[in-house]
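One structure below.
The values are calculated or read from the model by the stated rules, or taken from the named source; none is laboratory data. None of the values given here were measured: they were computed from a predicted structure. Cβ placement follows ideal geometry from the backbone for every residue including glycine, while neighbour counts extend to all protein chains displayed.
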Amino acid sequence: MRMGRLIILKFAILFINLPRKKVCYMKDKIISLAKFLDNITFKLNGLSSIFIGIITVFILAEIIARKFFNFGFLFVLEVSSYLLAASWFLSASYTLRTNGHVRVNVFANILNEHTSRILDILATIFGIILCVIFFRAVYILTIDSYFFHKTSFSPLRAPLYIPQAFVAIGMFFMLLQMIMRLILLLVNEKPDIDIKKK
């Protein structure tokens, strides 16, 4: 925790001591980096939408097969569960960037803009810590499943590292978006984008 505060303090001192021209150049670079990350995030959200579409097709096929032909597909429930988990995590960074996550705005509404921004910075730092912990756990789980050839217990015997890899990728980009959010807050830029303008 102390190390994190020291890094933020060093970044703030560096930013304050920079000439105005360099600050503008840095802001431009940060914004272009944020746009690059947004591009990847939006593509991951598109992949998430495709996964939801596949789940819909699978479930409809299962319903039709059971209703009219009196048989079912063994893989539908398992694969749909994996796709649902993958779609949720792949779209998490997009949801963060577009301000779609549930937030408690009680304090933000009664505080002034400066205090609200500081509160947002602290919440973002806490979010980064949680994302690092969760990404590390999922990454280790995925690597473990890959090297030890772990499979599901169902008759499908699906390799578990595939759905776990999608969760790890989603968490990685969620972490990157959290870090980008912190940087944007520190340089006094708007951390969220309005998807209606896109």
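Checking the structure you have, find out if any residue of the stretch 75-91 is closer than 25 Å to Leu186 by Cβ, surrounded by 13 or more Cβ atoms within 10 Å (Cβ to Cβ) and out of contact with any Lys or Arg (no Cβ under 6 Å at 6 or more places or on another chain). No: the stretch 75-91 contains no residue that is closer than 25 Å to Leu186 by Cβ, surrounded by 13 or more Cβ atoms within 10 Å (Cβ to Cβ) and out of contact with any Lys or Arg (no Cβ under 6 Å at 6 or more places or on another chain).
Among the helices (runs of 4 or more DSSP H) confined to the stretch 80-197, the ones with at least 2 residues that are within 25 Å of Thr56 (Cα to Cα), under 14 Å from the mean Cα position of the chain (by Cα) and touching a residue at least 12 places away in the same chain (Cβ under 8 Å) are located at 92-97, 161-186. The single residue among Ile16, Ile7, Ile30 that is modelled with pLDDT under 95, more than 21 Å from Gly170 (Cα to Cα) and surrounded by 14 or more Cβ atoms within 10 Å (Cβ to Cβ) turns out to be Ile30. Screening the stretch 98-112 for residues that are at pLDDT 70 or above and more than 21 Å from Ala34 (Cβ to Cβ) and picking the one that is surrounded by the most Cβ atoms within 10 Å (Cβ to Cβ) gives Leu111.
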